[in-house]
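The values are calculated or read from the model by the stated rules, or taken from the named source; none is laboratory data. The shown structure was predicted, so the numbers you read here are calculated from the model rather than taken from an experiment. For neighbour counting, all protein chains shown are included, and Cβ atoms are generated from backbone atoms with ideal geometry for every residue, glycine included.
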Amino acid sequence: MSHPSPNAWSSGPAPLYAPRPPLPAAALAGVRTRRMLAVCFDLVFIGLLWLLIFAVGVALGFPTFGLAWIVLWVALPGLFPALAFFYNGFSVSGWRMGTPGMRIMDLEARLTDGSRVPFINAAVHAVLFYVSWLFPPILLVSLFADEKRCLHDILAGIVITRRA
């Protein structure tokens, strides 16, 4: 039985994790603080969207003789998480590469290879972020992780940086 040559091992598929060069310091300057402020802006925006939908539901209750109020009462608990899911999914995967709060704070989201974030990654990123609120110390991962990434960033394959 013959042994493979040393070069036979290098002709296989590419490794699952290929290290990339680190981001420049300017791309990460003040990212944590800006992200915290961006989340505050985004929560206000999502709250205003929720309030608008709630007001429309209340107004529709009168001409529907209360039927819209029943639907609103049933849908109300899931409305905020659904809004946050689609708000983050569509805005981060959109052409501006960030939520309105991120854009105000001069931030953008990209995949770790530098490409745009697809909807599914952006939506999963939002879900993981809101789940991380159940155990807030997990947000401290960004103090020790490379590129100031939180655990939900790492799991979703996203890097948040300053806009160029």
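Structure notes:
- The listed residue being among the aliphatic types (A, V, I, L, M), assigned to a helix (DSSP H, G or I), buried (at least 16 other Cβ atoms within 10 Å of the Cβ) and modelled with pLDDT under 90, out of A38, A27, A75: A27
Here is a yes/no grid of residues against (1) out of contact with any strand residue (DSSP E or B) (no Cβ under 7 Å at 6 or more places or on another chain); (2) farther than 23 Å from V44 by Cα; (3) surrounded by 17 or more Cβ atoms within 10 Å (Cβ to Cβ); (4) of a type in the set (V, I, T):
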{"site": "P100", "(1), (2), (3), (4)": "yes, no, no, no"}
{"site": "M105", "(1), (2), (3), (4)": "yes, no, yes, no"}
{"site": "I120", "(1), (2), (3), (4)": "yes, yes, no, yes"}
{"site": "S132", "(1), (2), (3), (4)": "yes, no, yes, no"}
{"site": "E147", "(1), (2), (3), (4)": "no, yes, no, no"}
{"site": "T161", "(1), (2), (3), (4)": "no, no, yes, yes"}
{"site": "A164", "(1), (2), (3), (4)": "yes, yes, no, no"}
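- When residues of segment 110-126 are limited to those that are among the aliphatic types (A, V, I, L, M) and within 8 Å of the chain's Cα centre (by Cα), the one farthest from D153 (Cα to Cα): A123
- Residues in segment 122-138 that are over 15 Å from A82 (Cβ atoms) and not hydrophobic (A, V, I, L, M, F, W, C): H125, S132, P136, P137.
- Near pairs, Cβ below 8 angstrom, 6+ apart or cross-chain, from segment 106-120 (farther than 19 Å from D146 by Cβ and free of Cβ contacts under 8 Å to residues at least 60 places away in the same chain) to any residue that is of a type in the set (G, A, S) and surrounded by 16 or more Cβ atoms within 10 Å (Cβ to Cβ): R116/S93; P118/S93; F119/G89; F119/S93; I120/G89
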